[in-house]
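Engineer: Structure provided below as structure tokens; questions to follow.
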Amino acid sequence: MKLALDTSAVPNQPAGAGRYVVELARRLPGRGLDTTLVTRVGDDVRWREYSPDAHVAPRVPRARVARLLYEATRLGISDVARAADVWHGPHYTMPRQGSTPTVVTIHDMTFFTNPEWHERAKVAFFRRAISYAATHAEAIISVSEFTARLIDELLDGHAPVVVAPLGVDLERFSLDASGDDDTLRSHGLITGVDYFLFVGTFEPRKGIDVLLDAFTEVATDHRDVELWLAGQHGWGVEEVEARLSTHPAASRIRRLGFVPDDALAPLLRRSLAAVYPSRGEGFGLPVLEALACGVPVVTSRDTVMQEIAGHAATLTAAGSGVDLARAMLELIDQTPPQRAQAARVGRARAETFTWERCVDQHLVAYHLARGE
């Protein structure tokens, strides 16, 4: 089967949905697919590094507006699309022209359920894109059962949905902490400090405001504990920035920015816990990566993160700083045997999510799109 995978929306520092596309690109050629990665012009070098066995077609304009216009009007009738048996749009959108059987990944439905979590222009665009893809693609991939249920509830007459939960690299995100201190020092990060770790893009839905509320109480009770925030800037961070600068424990809150791949697992393993108080996600990959490292996880109840973590994480009410502080304080008081037991439970849960199983489900969707 000849597959065209559109990687043109993946930023230079991929996180979340971008990481998902990178992992697909790495693995699909090894599963018997003649894979072509459709990239932005001038962005072909890194994709050849990500996936040496794939073909790379740098066809898409670099500027966002031009890229989206090209996708809608030209990409579906390009030589790459015409030569493919299946086209995969892994980020909500698909070409509006052309006849190649198409699969589209819908990561979450928050543009419909919680538009306040997104920039207004993106809400309008992605609502239209998702609605179009749902009725014009031959198959839809959902990265969670949670999102699949919302697709059923909110989109009438949609294409068949294949659920393909994301995976985790169980070798990189492992229990083995040997060499972690050296790796962290090589990135200028100190060791020997007790800290809670947040990993994620800075934007309103991530619950950083709730985390700062919780850390006020934690920092008061434990004056040697720090909060480390890892991730890129998104949008709507003005309020969070103001609260960071005036926080009573501001000197113990470290801003790490984007964390390189080789430093993420060591940062997780050295933390007291990974705290991910997001109000809503399509999947919540940082939760899974932390569990794979045997790290205690605190995340939000009644969200997709609960589906991913099962009983392996501490669940708190989304938006409740009081709940979150209580959970963080309880984790500080855990005994070594309790932490060891939690590590075993978390690792066992993470091992049920692999990229190989994720790719298996993608193959189901590709064959479905071809009517097989």
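Engineer: In deg cm²/dmol and to the nearest 500, what is the mean residue ellipticity at 222 nm of the chain if only DSSP H runs of at least 4 residues count, each as -39500 (n - 2.57), divided by the residue total?
Structural biologist: Mean residue ellipticity at 222 nm (helix-derived): -12500 deg cm²/dmol.
Engineer: Give me the distance between the Cα centres of region 1-42 and region 256-295, rounded to whole Å.
Structural biologist: If we compute the Cα centre of each part, the gap is 23 Å.
Engineer: What is the spin-label model distance, in nm, from residue 258 to residue 334 if the labels are put 7 Å beyond Cα along the C-beta direction?
Structural biologist: Going from the residue 258 label point to the residue 334 one covers 3.1 nm.
Engineer: Over the Cα atoms of the chain, compute the convex hull volume and normalise it per residue, giving Å³.
Structural biologist: Normalising the Cα hull of the chain by residue number yields 132 Å³.
Engineer: Starting from the exponent 0.38 and prefactor 2.2 Å, build the expected Rg for region 46-89 from its residue count and divide its actual Cα Rg by it.
Structural biologist: 1.25
Engineer: Where a ≥ b ≥ c are the square roots of the eigenvalues of the C-alpha gyration tensor, would you call region 308-372 rounded, which needs a/c under 1.5, or, failing that, prolate if a/b is larger than b/c, or oblate?
Structural biologist: Oblate, since a/c reaches 1.5 and b/c is not below a/b.
Engineer: From the phi of every residue in region 134-139, what ³J(HN,Hα) in whole Hz does the Karplus formula 6.51 cos²θ - 1.76 cosθ + 1.60 yield, where θ is phi - 60° and glycine or proline is x?
Structural biologist: Per-residue couplings from phi come out as 4, 10, 10, 6, 7, 8 Hz.
Engineer: Can I ask one more? How big, in percent, is the set of alpha carbon pairs in region 180-350 lying more than 23 Å apart?
Structural biologist: 33 percent
Engineer: Using the Karplus equation 6.51 cos²θ - 1.76 cosθ + 1.60 (θ = phi - 60°), what ³J(HN,Hα) coupling, rounded to whole Hz, does each residue of region 55-71 give in order, writing x for Gly and Pro?
Structural biologist: Coupling constants for region 55-71: 7, 10, 10, x, 10, 8, x, 7, 5, 4, 4, 5, 4, 5, 5, 5, 4 Hz.
Engineer: Per residue of region 255-260, in order, report the coupling 6.51 cos²θ - 1.76 cosθ + 1.60 (Karplus, θ = phi - 60°) as ³J(HN,Hα) in whole Hz, putting x for Gly and Pro.
Structural biologist: Along region 255-260, the couplings run 9, 9, x, 5, 9, x Hz.
Just so you know, all these numbers are worked out from the coordinates, no wet-lab data involved. Quick caveat, the model's predicted, so the values are computed rather than measured. Quick reminder, even Gly has a Cβ in these numbers, built from the backbone with ideal geometry, and neighbours come from all protein chains shown.
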